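Everything on this sheet refers to the single structure shown next.
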Amino acid sequence: MIVILKPNPNPSQLSHLKTWLESKNVSIHESVGDSHIILGLVGDTSKLDMDLISAIDIVEDVKRVQEPYKNANRKFHEEDTVIKVGNTQIGGGTLTVMAGPCSVENEEQMLSVARSVKAAGATILRGGAFKPRTSPYAFQGLGKEGIDLLKLARKETGLPIITEIMEISQLPLFDDVDIIQVGTRNMQNFNLLRELGRQEKPVMIKRGMSATYEEWLMSAEYVMASGNENVILCERGIRTFESFTRNTLDIAAIPVLKKLSHFPVIIDPSHATGKSALVPNLAMAAVAGGADGVMIEVHNDPSKAWCDGPQSLNPEAFEKMNKKLIALHSFMKTMED
Ligand code: PEP
Ligand code: MN
């Protein structure tokens, strides 16, 4: 249920209303927008008398929220969520370009990719230290050493870093990481999501490869329900009957998520296609379609990459693409209504 307040409510009436609502065993999520304050109520609201609440002086309107996701719902939080990391922000009209290798391999590779993506205008550096691989015999990532190399690359370039967590026990290693990534295979690892909700770092949740929008938003709800509001959503392609591409990029996710929720939306055309030649066009489609940014795999020598070489751009291709993305993003701003 949401309670929409009249502009500038009397503070003592507001605090009285909140105390009364809390006494009914619902928790309150207060969202202060430009024109209104919205109280989002989570819990068993079935016994709350809507007419009684509507009759209160400072209340403008009361509505039931049918969707199972509450804190993640645009109805609870009218304004876009904007996430600050380092000197940059994600959402709020900026173009976020996360770029870097699929996996961190060694110092030379990591620093070389980091320097080139920084020079080409990337805003966040990616790199996998813990790799969820289909085969137990494939390279599983450098683990802690990989995170240390990412930190070194951050020191060199000033770019904030994002990397994937696979299980709760790894969390202490993420203390000094800027954004924690939850991969497609862990989107419904509810224990992990809950734990990530108990800390404050931004969490980027990639869409489960067969997850509906609602399931995906429920994963965001898990993080928010334990107290962390810094959630980013990343569409990375879903499984369909098409096998030419690794997955099928669901561009509709952008306007749908923007309508249903308030999170920044990032598109990952690398995992969506599995083919580097297709990446620039889909990155352009993402920016034209209203995404807040993209995540792109870049390798200094894709043919020698330990993981996901075929979908990785080389630094030159990345630079060429990023110039176009930046120009397109500026053009799209002129089209805003
Ligand atoms: C990744 O971004 O490194 C990754 C493993 O992606 P996904 O979880 O989307 O497969
Ligand atoms: Mn990859």
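At least 1 residues that are among the small types (Gly, Ala, Ser) in each: list the strands (runs of 3 or more DSSP E) lying fully within region 48-167 that qualify.
Passing ranges, in order: 96-100.
Here are Lys201, Lys206, Lys151: which of them is within 16 Å of ligand 2 (Cβ to nearest atom) and either in the same structural domain as Asp292 (by TED's automatic domain parsing) or under 23 Å from His262 (Cα atoms) (or both)?
Being within 16 Å of ligand 2 (Cβ to nearest atom) and either in the same structural domain as Asp292 (by TED's automatic domain parsing) or under 23 Å from His262 (Cα atoms) (or both) holds for just one of Lys201, Lys206, Lys151, which is Lys206.
Return the only residue of Lys333, Lys324, Lys304 being touching a residue at least 24 places away in the same chain (Cβ under 8 Å) and exposed (fewer than 13 other Cβ atoms within 10 Å of the Cβ).
Going through Lys333, Lys324, Lys304 in turn, the sole match is Lys333.
I'd like to check something: does region 280-295 contain any residue that is open to solvent by 60 Å² or more (accessible area, probe 1.4 Å), part of a helix (DSSP H, G or I), within 15 Å of ligand 2 (Cβ to nearest atom) and at pLDDT 95 or above?
Within region 280-295, none of the residues are open to solvent by 60 Å² or more (accessible area, probe 1.4 Å), part of a helix (DSSP H, G or I), within 15 Å of ligand 2 (Cβ to nearest atom) and at pLDDT 95 or above.
Please enumerate the residues belonging to region 228-258 that are part of a loop (DSSP other than H, G, I, E, B) and either in contact with a helix residue (DSSP H, G or I) (Cβ under 8 Å, 6 or more places away or on another chain) or closer than 19 Å to Gly289 by Cβ (or both).
Those that are part of a loop (DSSP other than H, G, I, E, B) and either in contact with a helix residue (DSSP H, G or I) (Cβ under 8 Å, 6 or more places away or on another chain) or closer than 19 Å to Gly289 by Cβ (or both): Asn228, Arg236, Gly237, Thr240, Thr245, Arg246, Asn247, Leu249, Asp250, Ile251, Ala252.
Counting only residues that are under 14 Å from Ala317 (Cα atoms) and polar (S, T, N, Q), which one in region 251-286 is nearest to ligand 1 (Cβ to nearest atom)?
Ser270
For the subset of region 183-205 comprising residues that are among the charged types (D, E, K, R) and not in a loop (DSSP other than H, G, I, E, B), which member is nearest to ligand 1 (Cβ to nearest atom)?
Looking at the filtered set, the residue picked out is Arg185.
Return the pairs, sorted by first residue and then second, in which the second residue is within 15 Å of ligand 1 (Cβ to nearest atom) and open to solvent by 10 Å² or more (accessible area, probe 1.4 Å), the first residue lies in region 284-297 and is in contact (Cβ under 8 Å) with a residue 40 or more places away in the chain, the beta carbons are less than 6 Å apart, and the residues are 6+ apart or on different chains.
Glu297/Asp308
The values are calculated or read from the model by the stated rules, or taken from the named source; none is laboratory data. Note that the structure is a prediction, hence the values are computed from the model and not measured. Note that we place each Cβ from the backbone using ideal geometry, even for glycine, and neighbour counts take in every protein chain shown. The accessibility values were calculated without ligands, DNA or RNA, using every heavy atom of the protein model including side chains. Shrake-Rupley method; radii C 1.70, N 1.55, O 1.52, S 1.80 Å.
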